[in-house]
Every structure is written in C-alpha cells, then in structure tokens.
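Notes to accompany the following structure.
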Amino acid sequence: MAVELPTESRLTDRKRAAIVAAAVKEFEACGFDNTSMNRIAETAEVSKRTVYNHFESKDALFLAIIEELLETTESLPDFPHEPDRNLADQLAENARHVVELFTSSSFQGLVRVTLSRFLMSPHLAQQTIGDQKRFRVRLVRWLEQASAAGRLQMEDTEFAAAQFCGLLQAFTFWPQVFGIEPMPAAAEKERIIQSAVEMFLKQYAV
C-alpha cells in the first residue's frame, strides 16, 4: 500500500520541481552566468527565500538539473535478451524508447542547459557526469546476453553499444539540440530506427 505524503511535503516537492523547471527555462534562454536567482524565483512564482531554502546557490541548482538529467536517462526500461524472439524486433523496441527520450522537449532542454555550461567548464562535466558508459548499460547487457547465446559476434560490447546509440543520435538528437533540424515525425523516427537496426545487425549478427 502506497504511503501518501503529507500535504506540506507534496507542496514542498512541487515548489522544488517548479524552481528546477524555471532554472532550466532561464538558463536555456539567458545562459547560466546571465541568470539571477531573482529571475528564477519570478519564473517559478515563488519567493527568493523559497528558492534559497531549496538551493543554497545557483551552482547547487545547476547540480540539481544534472541530477534530473541523469535520472531521466537512467529511467529507460530494462530489456533482457529474449532467446526465442527476433533480434531486430528486440533492438528496435529498445531504440524506440531511446529515440522518444532523445526527442523529448524536456530532455532536450536539460541537455542544452548542461551542455552550454560543460563547454565552458569541461572539468565540471567529468566530475558530475563521468563516464558515458552508464547511459548504455542496458544495451551493453543485452548485447552481452545475445552474444553469449551465440546470436551476435563482437569483440567489444561497449564499443558496439556506442556505435548503435551514435546511429540514433546522429538523426534524432544532436541536430535538434543545436537547432539545425526540427524534431523528426513519427514515420521518420521509425525509418531511422529500422535503418540503424539493419546496419547494426548486418555487422554483428551471426
């Protein structure tokens, strides 16, 4: 049975979420350095004191945005290898989850905010994000299982996972993050996914 949080706790959580959302909006529009805590409070429709009750500084607020980005990325569903199911169908199903995340406006907003700061402070990216392998752990696990079952053949599952994600990112992530291309329509997303799956399995399927 779920435990219902007290009304005050739910209100506090909503205010915190509103502050983070306001920070993302303002950082994306004006940049980290040009955004004040006053402006964030106004956008979140809370007092400046409330902002500081949740976050002692703008840097602390930025770290909260990074945490939200990581949590969003790591919320993708797990997908264990199914020995009796077509490999292409399994890989395409996973790719659809990944592409939906990549093309989410909220996720792209988080990425733009963090990327702009990381470009100015590369050491901050290493300290907070660290190794990108954590984002591909589910795919790597699936590749290892499929390889152990004799259905795929590859020397380096980490490398192969990065390749597959790169095929998707090239069309559904980076061009949109930088505003070069619009978000692909549903039919185009599926075409990108099917093409990536076909290319990948042509290289690694036994």
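Read-outs throughout are calculated quantities, based only on the coordinates presented, and are distinct from any laboratory measurement. Predicted model only: the values in this text are computed from it and were never measured. Positions of Cβ are backbone-derived with ideal geometry, glycine not excepted, and every protein chain shown enters the neighbour counts.
Sort the range 74-196 into rounded, prolate or oblate with this rule: let a ≥ b ≥ c be the square roots of the eigenvalues of the Cα gyration tensor; rounded if a/c is under 1.5, and if a/c is not under 1.5, prolate when a/b is larger than b/c, oblate otherwise. The shape class here is oblate. Phi angles across the range 136-150 convert, under the Karplus curve 6.51 cos²θ - 1.76 cosθ + 1.60 with θ = phi - 60°, into 3J(HN,Hα) values of 10, 4, 5, 5, 4, 4, 5, 4, 5, 5, 5, 5, 5, 7, x Hz, Gly and Pro given as x.
Computed extension length for Glu158-Leu63: 31.5 nm, one decimal, from 0.36 nm per residue of separation with the Cα-Cα distance subtracted. Restricting the GluC sites (Glu not before Pro) of the range 151-206 to loop positions (DSSP other than H, G, I, E, B) with no more than 11 neighbouring Cβ atoms within 10 Å leaves Glu155. Taking the alpha-carbon distance from Lys202 and a cut-off under 25 Å, which lysines remain once sequence neighbours fewer than 8 residues away in the same chain are dropped? Once the sequence-local lysines are set aside, what remains near Lys202 is Lys133, Lys189. Label sites at Arg96 and Arg141, each approximated as a point 7 angstrom past Cα along Cα to Cβ, lie 2.1 nm apart. Our coupling estimate for the range 59-72, obtained by passing each phi through the Karplus curve with A = 6.51, B = -1.76, C = 1.60 and θ = phi - 60°, is 5, 5, 5, 5, 5, 5, 5, 4, 4, 5, 4, 5, 5, 5 Hz, Gly and Pro reported as x.
Here Lys25 is the anchor, and the lysines within straight C-alpha reach of less than 18 Å, apart from those fewer than 8 places off in the same chain, are Lys15, Lys48, Lys58. The candidate values are [x] 47; [y] 51; [z] 65; the one derived from this structure for percent of Cα pairs over 24 Å apart carries the label [y]. Helix 186-204 versus the longest principal axis of the chain: what is the Cα-based angle in degrees, 0 to 90, to the nearest 10? Tilt of helix 186-204: around 50 degrees. Rounded to the nearest 10 degrees, the inclination of helix 87-102 to the longest alpha-carbon principal axis of the chain is 20 degrees. Comparing Ala95, Ala22, Ala148 in a Gaussian network model of the chain where C-alpha atoms under 10 Å apart are linked, the largest mean-square fluctuation is found at Ala148. GNM, the chain, Cα, under 10 Å: largest mean-square fluctuation among Ala21, Ala170, Ala185? Result for the chain, Cα springs under 10 Å: Ala185 fluctuates most.
What length, rounded to one decimal in nm, is gained on full extension from Leu11 through to Phe79, with 0.36 nm per residue of separation minus their alpha-carbon distance?
Values: separation 68, 0.36 × 68 = 24.48 nm, distance 3.51 nm.
Length difference between fully extended and current span is 21.0 nm.
In plain terms, the chain from Arg49 to Gln194 could stretch by 47.1 nm, reckoned as 0.36 nm per residue minus the Cα-Cα distance.
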